[in-house]
Amino acid sequence: MTALDRTARRHRWDTRFAPYAYVAPYFLIFGVFGLFPLLYTIWVSLQQRSLLDADGASFIGLDNYQVLFADPYFWNAMGNTLSLWLLTTIPQILFALWIAQLLNRKVRTRTLFRMGVILPNVTSVAAVTIIFAQLFGRDFGLINWGLDLFGAGHIDWQAGTASSHVAIATMVVWRWTGYHALIFLASMQAIPPSMYEAATLDGARNWQQFWRITVPLLRPQIIFSTIIATTGNMRLLAEPLLFNPGTAAATGGSDRQFQTVALYLYEQGFSNWDFGYSSAIAIVLAIATILVAGLGYLVTKRIQTD
Amino acid sequence: MRSKTMALVCAALVTGTMLAGCGGESGAGGKTKLTIGLFGNFGYTELLKEYASTHPDIEIQDRTASYSDHHKNLAAHLATNNGAADIEAVDSGYIAQFKDTPDKFVDLNTKGGDQLRERWLPWKWEASLGKEGQQIGYGTDVGGLAICYRRDLLEAAGLPSDRAQVAALWPTWQEFMAAGKRFQASAPAGVKWFDGGPTVLNAIVGQAPVGYYDRSDNLTVGANPDLKQGWDLVVDGVRADLSAKLLYSTPVWNTGFKQGQFATVTCPAWQMAKIKDQAPETAGKWDVTSVPGGGGNWGGSYLTIPKQGKNVDKAVELATWLTAPEQQAKVFTSSGLLPSTPKLYEDPAIVNYRNPFFNDAPVGQLFTDAAKNLKPQYQGPKAGDVQTAIGNAMQRVEQGKQNGEDAWNQFVGDVQKLTS
């Protein structure tokens with residue numbers, strides 16, 4: 001065998017197997033951190049298992065799921081999660097579109113503003129929530145002080161279902177709007193100015209141009225943002241957990257008025273130590289997230305180009 | 001060979017002094033590094049410095065978290081056999097839950113604990129014993145009960161402010177509520193009689209001979225008349241607008257101390273440290289007197305050694321030292337935590353101790369008396385979670401979401417669910 005042959009063969013091997021080697025890290029990492037935990041969670045969800053006592057676990061089939069579907073606190077948490085999903089996702093996308101539109105104009109210190117919108121997103125979620133919880137405080141909160149000024153009276157934000165959802169949604173929207181706005185802004189800049197010029201010649205007003213040209217052309221980004229926002233908001237945990245600190249944090253309010261499914265999972269797993277049950281909640285939450293994200297996709301897909 | 005590879009990996013991962021994650025046994029300069037996981041104020045800051053100065057080979061790092069975060073994190077660390085501190089504090093509300101899995105902890109009886117048991121109150125020692133007599137933790141403080149009150153606010157409402165006279169206002173909880181109604185009639189604007197229903201209720205529950213569980217770990221919640229009577233009494237107080245409706249141990253509760261939103265708060269000994277930390281500017285305005293109904297316990301903790309630690313023996317040594325009578329005495333005078341070692345209840349340095357922050361109240365006398373009268377209450381496996389559930393129920397009444405009966409019935413149902 002000549003040296004040339006060897007090189008040629010090595011080259012053939014190289015082209016045949018190198019692509020697999022290049023993509024292997026992704027699959028390895030996905031297998032270790034994605035697939036294995038998922039399968040293991042399914043396995044645990046079929047067991048009666050205490051968090052601390054893995055040896056005492058027993059296989060009980062679908063019993064956890066049967067209990068779960070008859071559990072009013074689970075459905076309460078599911079309702080809260082869907083309510084918070086609606087209250088966060090829709091305003092997030094609309095505000096982000098509006099802000100992106102503003103940033104797309106020729107204003108001075110544009111870069112400064114563009115960097116500014118991402119700031120809420122890079123601050124720690126714990127810090128944000130603790131500060132907002134203070135703003136929404138019952139006795140000495142800034143927001144109640146403002147309401148008082150206009151004679152609107154005090155609101156006990158944590159006590160009510162609607163008021164607590166509004167407060168939590170505010171935190172989430174504040175944190176994530178800038179992130180989506182930057183995604184929209186990037187695609188807005190790719191829209192050729194000639195389209196707007198033509199529309200202006202046809203006599204279309206600004207808002208008509210926005211809804212008829214900008215939004216339809218942003219459809220892929222809006223779908224992306226909706227799915228990202230959905231998967232994030234369906235597993236909302238830190239905001240409701242920190243909104244009502246103290247010993248009862250995991251129950252999400254005195255009557256579970258803002259307990260999300262993720263928080264219920266946390267309560268069952270780490271307070272009640274019911275590892276099997278909380279795994280079942282995790283699986284159902286994952287399925288629900290896929291369904292809701294699919295719903296969001298179907299709705300945003302209907303955005304039409306005229 | 002392996003250690004060489006390890007060292008190379010460590011060197012590649014981190015440079016400089018941040019070698020904490022590698023090996024774990026050694027801190028800077030070849031010292032043994034011990035971590036201690038705490039919640040709230042244990043009064044250990046000075047003690048840990050003292051220990052480190054007499055043990056130059058040891059470096060101690062304390063991590064303090066909030067009460068519920070601490071216990072939830074500990075459960076997670078024990079479940080994964082990873083991440084627990086060398087010494088972990090456990091509150092009496094959680095000790096029964098943790099002692100159900102004694103094999104996660106070092107059995108202190110195998111480390112000389114059985115020789116030391118005389119140090120502690122017998123019930124304190126027994127409350128942390130596992131099924132087969134394994135000792136999972138050494139007692140730190142006990143709660144004891146008293147009432148802390150604001151002299152200036154009581155005076156402003158025309159009530160007496162002298163300790164003995166104040167104590168005479170409330171021999172029982174009924175009279176405590178009656179005094180509250182008198183107070184509320186002429187109280188300064190925005191000031192309520194007590195901080196929140198759940199806090200008062202916890203003290204009343206702590207005095208009952210049987211709490212949430214009987215000694216065979218059966219829940220008593222639906223059938224225990226003491227609980228229901230205490231509940232009705234506090235609901236009545238809430239309806240009479242005596243409650244500032246602040247949820248115990250939250251930021252708004254802390255603000256309540258600073259703003260003087262309430263005149264009294266139930267004071268297990270450890271609460272005094274909290275008040276002092278929360279509102280140092282109120283020094284001298286507070287005073288301490290005896291609790292209605294006498295006796296009772298709320299809280300108090302243990303130091304446990306998770307088995308997963310790498311320096312178990314050194315950790316045991318430190319925990320033994322921290323909970324020894326001499327150190328408990330220091331914690332009492334520095335932070336007010338009541339010792340769990342009865343020998344100190346006769347010690348003149350303890351008995352004659354007065355707390356300057358609380359208007360020189362004779363807290364030594366007060367709390368050693370409380371400790372001697374203390375009828376220990378058995379804490380069942382999920383006492384901490386039951387306490388959360390009853391607190392939520394009381395909060396529903398305070399928030400006007402439910403009446404007393406509905407909130408109580410939902411609580412009983414919640415507790416059943418918790419243990420099913």
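The values are calculated or read from the model by the stated rules, or taken from the named source; none is laboratory data. Owing to the predicted nature of the structure, the values given are computational and were not obtained by experimental measurement. Ideal geometry is used to build each Cβ from the backbone, glycine not excepted, and the neighbour counts take in all protein chains shown. Side chains are part of the model used for accessible areas, which takes the heavy atoms of the whole protein and leaves out ligands, DNA and RNA. Shrake-Rupley method; radii C 1.70, N 1.55, O 1.52, S 1.80 Å.
Annotations
- Qualifying residues in region A:44-72 (those that are away from chain B (no Cβ under 14 Å) and free of Cβ contacts under 8 Å to residues at least 12 places away in the same chain) - the one surrounded by the most Cβ atoms within 10 Å (Cβ to Cβ): A:Phe69
- Checked against the criterion of being under 19 Å from B:Ala315 (Cβ atoms) and either surrounded by fewer than 18 Cβ atoms within 10 Å (Cβ to Cβ) or modelled with pLDDT under 95 (or both), the candidates B:Asp86, B:Asp103, B:Asp107 yield just one match: B:Asp103.
- For region B:80-115, taking the residues that are of a type in the set (Ser, Thr, Tyr) and not in a loop (DSSP other than H, G, I, E, B), the one that is nearest to the other protein chains (Cβ to nearest Cβ) is identified as B:Tyr94.
- When A:Phe36, A:Phe27 are checked against the criterion of being out of contact with any Gly (no Cβ under 8 Å at 6 or more places or on another chain), surrounded by 10 or more Cβ atoms within 10 Å (Cβ to Cβ) and closer than 30 Å to A:Gln221 by Cα, A:Phe27 stands alone in meeting it.
- B:Asp214 being farther than 17 Å from B:Ile147 by Cα, surrounded by fewer than 19 Cβ atoms within 10 Å (Cβ to Cβ) and in contact with a Ser or Thr (Cβ under 8 Å, 6 or more places away or on another chain): yes
- Of the residues making up region B:54-76, those that are at the interface with another protein chain (Cβ under 10 Å from one of its Cβ atoms) and out of contact with any Phe, Trp or Tyr (no Cβ under 8 Å at 6 or more places or on another chain) are B:Ser68, B:Asn73.
- B:Ser128 hydroxyl-bearing (Ser, Thr, Tyr) and open to solvent by 60 Å² or more (accessible area, probe 1.4 Å): no
- Of all residues making up region B:371-389, the number that are under 16 Å from the mean Cα position of the chain (by Cα), away from chain A (no Cβ under 14 Å) and assigned to a helix (DSSP H, G or I): 1
- Residue selected from region A:244-286 under the condition open to solvent by less than 20 Å² (accessible area, probe 1.4 Å), within 8 Å of another protein chain (Cβ to nearest Cβ) and in a helix (DSSP H, G or I), by the criterion nearest to A:Gly56 (Cα to Cα): A:Ser271
- Index of the failed condition, A:Thr111 passing every other in (1) closer than 22 Å to A:Val292 by Cα; (2) open to solvent by 30 Å² or more (accessible area, probe 1.4 Å); (3) of a type in the set (S, T, N, Q): (1)
- Residue within region B:320-340 that is part of a loop (DSSP other than H, G, I, E, B), under 26 Å from B:Thr32 (Cβ atoms) and either open to solvent by less than 20 Å² (accessible area, probe 1.4 Å) or without any contact (Cβ under 8 Å) to a residue 40 or more places away in the chain (or both) present: yes
- In region A:143-177, the residues that are free of Cβ contacts under 8 Å to residues at least 40 places away in the same chain, assigned to a loop (DSSP other than H, G, I, E, B) and open to solvent by less than 30 Å² (accessible area, probe 1.4 Å): A:Gly153, A:Trp157
- Candidates are the residues of region B:368-420 that are of a type in the set (Lys, Arg) and under 22 Å from A:Asp156 (Cα atoms); the one that is most open to solvent (accessible area, probe 1.4 Å) is B:Lys401.
- Filter pass, B:Leu344 being away from chain A (no Cβ under 14 Å), open to solvent by less than 30 Å² (accessible area, probe 1.4 Å) and part of a helix (DSSP H, G or I): yes
- The residues in region A:179-212 that are charged (D, E, K, R), part of a helix (DSSP H, G or I) and exposed (fewer than 11 other Cβ atoms within 10 Å of the Cβ) can be counted, and the count is 1.
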